[in-house]
Amino acid sequence: MKPFKACSDVTGLEVGADLSEGVPAVRLRKSKGQVEMVAAGFLDLPGALPMLSGASEAQTWRLPAPFRAPHAALAIRSPHASLRHTAGGHGETADRAGSLRSVSRQTAPETPPLVASLPEFQAAWAARLLPEGHRPTACSLQVAAAAAMGGFAASSALAQAGGHAVALFVFAESTSLAAFQDSKLVFYREHAVGMGHLRDAISSQLGIEPELVDSVLEDTLIDPVPVIEPILRPLYRQIEISADYLLRRCKCQVEHFFVNGLTVGGAHWATLFKRVMNQTMTFCSPFDGIRRTGQATRLPEDVEKRAPLLMTALGAARTVLEDV
């Protein structure tokens, strides 16, 4: 799951996101120590991530010209993937049956290694998406949550916070919570609460058609906070626990709280966070602090608006570049 050699021009792709917009893709390039975004968008590519071994035929992808970097980093979003702190060794391993591929890395001193695991059949399927002889060539395979965190760890937002922060990464079916000290990951948890749960609750409890839920989250005519508060309050309690952990174990007072991955409803998340935590919630775009060039200097309005959905693809590419 690590790059096979130093790469300075990488396209990050999120596989298995199942977005109506398409496959999230971001091309990044690193020159003289500076990262720049060359292209970003959602690609119309065939095939869905298989959920059963042998249940899906092999697919091959041909990327549009702006995304044909020499290398590609694939971030896999799968309900069968896992990411957790655990005692154990380091490096890449497979279980005895060869059905699970895992990689372990120490993210901070005196912190248990973070282990990312993915079913072997999904890893093999993803690795065949980009055939040899055509740009890009896959150089890295990552679990989606790890890719998203890797992008944030290298972001200007965390740097401006002095490297000390608690961050949320919001996906459709789950939310990852990460605490950073000196820009190093020291605490990670995943919670089975995602944007999809909020949308479903608003739709069912307020009697609103699913396709209209996002407009409710952006409108001021209907207040969805009474509906989403019971869902978000336990998550915010976990943020409080994470901040206490940093204070007690790391002697680090957390003053910065970030959210990644939200495209709608941010004002309601922030209002409730202020009420529960008496703290300010800061919303991040994965594009923040990154110089743009090429196609990325003139991105379509819908891509700019949906930028938070590109956090995992961008993070996959940036994680590779940080190893250059």
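Per the Kirkwood formula on distinct C-alpha pairs, the Rh of the chain is how many angstrom?
20.2 Å
Assigning unit charges at the beta carbon (Lys, Arg +1; Asp, Glu -1) and nothing else, what dipole magnitude in debye, to the nearest 20, does the stretch 223-308 show about its Cα centre?
300 debye
Based on alpha-carbon centroids, what's the gap between the stretch 236-275 and the stretch 20-37 in Å, whole number please?
27 Å
Considering only protein heavy atoms, with the full assembly of protein chains and a 1.4 angstrom probe, order T263, T280, T297 by accessible area, largest first.
Sorted by accessible area, descending: T280, T297, T263.
Could you work out how far the C-alpha centroid of the stretch 306-324 sits from that of the stretch 104-152, in angstrom?
About 12 Å separates the Cα centre of the stretch 306-324 from the one of the stretch 104-152.
Given a 1.4 angstrom probe, I'd like the percentage of the accessible area of the chain that is carbon and sulfur, rounded to a whole number.
Answer for the chain: carbon and sulfur cover 50 percent of the accessible area.
Over the stretch 186-324, what is the mean sequence separation of C-alpha contacts under 8 Å (at least six apart), divided by residue count, expressed as relative contact order in percent?
This gives 19 percent for the stretch 186-324.
Looking at the chain, which Cys residues are left with no other cysteine's beta carbon under 4.7 Å from theirs?
If one checks each Cβ against the other cysteines of the chain, C7, C139, C284 turn up with nothing under 4.7 Å.
What are the ³J(HN,Hα) couplings of the stretch 160-166, residue after residue, when phi is run through the Karplus curve with 6.51, -1.76, 1.60 and θ = phi - 60°? Round to Hz, x for glycine and proline.
Taking θ as phi minus 60°, the curve returns 5, 8, x, x, 10, 6, 10 Hz for the stretch 160-166.
Step through the residues of the stretch 240-248 one at a time and calculate ³J(HN,Hα) from phi using the Karplus curve (6.51 cos²θ - 1.76 cosθ + 1.60, θ = phi - 60°), rounding each to whole Hz and writing x for Gly and Pro.
Rounded to whole hertz, the list is 4, 4, 5, 5, 5, 4, 4, 5, 6.
Using θ = phi - 60° and the Karplus form 6.51 cos²θ - 1.76 cosθ + 1.60, what ³J(HN,Hα) does each residue of the stretch 99-113 get, whole Hz, x for Gly and Pro?
Going residue by residue, I get 9, 9, 9, 9, 9, 10, 8, 7, 8, 7, x, 6, 10, x, x Hz, with x marking Gly and Pro.
Of E229, E301, E240, E14, which has the most accessible area with a 1.4 Å probe, and how do the rest follow in descending order?
Correct descending sequence by accessible area is E301, E240, E229, E14.
Using Cα positions and a limit of under 14 Å, work out the aspartates and glutamates in reach of K274, with same-chain residues fewer than 8 apart set aside.
K274 reaches E229, E240, E255.
List the residues whose amide H sits under 5 Å from the amide H of Q142, counting only those 5 or more places along or on another chain, with H placed 1.01 Å from N in the peptide plane.
When sequence neighbours closer than 5 places are left aside, the close amide H contacts are L74, A75, I76.
So what's the back-of-envelope 222 nm ellipticity for the chain, counting only DSSP H runs of four-plus at -39500 (n - 2.57) apiece and dividing by all residues, rounded to 500?
It lands at -9000 deg cm²/dmol.
Taking +1 at the Cβ of each Lys and Arg and -1 at the Cβ of each Asp and Glu, which of V170, G33, A316 sits farthest along the dipole of the chain towards its positive end, judged by Cα position relative to the Cα centre?
G33
Between their Cα atoms, which of K184/K305; K32/K251; K32/K184 are more than 25 Å away from each other?
Over 25 Å Cα-Cα: K184/K305; K32/K251.
Would you mind getting the accessible area per residue of the chain, heavy atoms of the protein chains only, 1.4 Å probe, in Å²?
With all protein chains present, the chain gives 46 Å² per residue.
Among the trypsin sites (Lys or Arg not before Pro) within the stretch 246-290, which fall in a DSSP loop and have no more than 12 other Cβ atoms within 10 Å of their own Cβ?
Of the trypsin sites (Lys or Arg not before Pro), the ones in loops of the stretch 246-290 whose Cβ has at most 12 other Cβ atoms within 10 Å are K251.
Using only Cα atoms, figure out Rg for the stretch 204-324 and give it as a multiple of 2.2 N^0.38 Å.
For the stretch 204-324, the normalised Cα radius of gyration comes out at 1.29.
Would you mind counting up the charge near L83? Only other residues with Cβ under 12 Å from its Cβ, with Lys and Arg at +1 and Asp and Glu at -1.
+3
Using bins 10 angstrom wide from zero, how does P(r) for the stretch 181-256 break down, in % of all Cα pairs?
16, 37, 23, 19, 5
May I ask you to derive the relative contact order of the chain, considering only C-alpha pairs under 8 Å and at least 6 residues apart, and to give it as an integer percent?
Once normalised by length, the contact order is 24 percent.
The values are calculated or read from the model by the stated rules, or taken from the named source; none is laboratory data. Predicted model, so just to flag it, every value in this text is computed and none were measured. We place every Cβ from the backbone using ideal geometry, glycine too, and count neighbours over all the protein chains shown. Note: accessible area is taken over every heavy atom of the protein model, side chains too, but ligands, DNA and RNA are not part of it. Shrake-Rupley method; radii C 1.70, N 1.55, O 1.52, S 1.80 Å.
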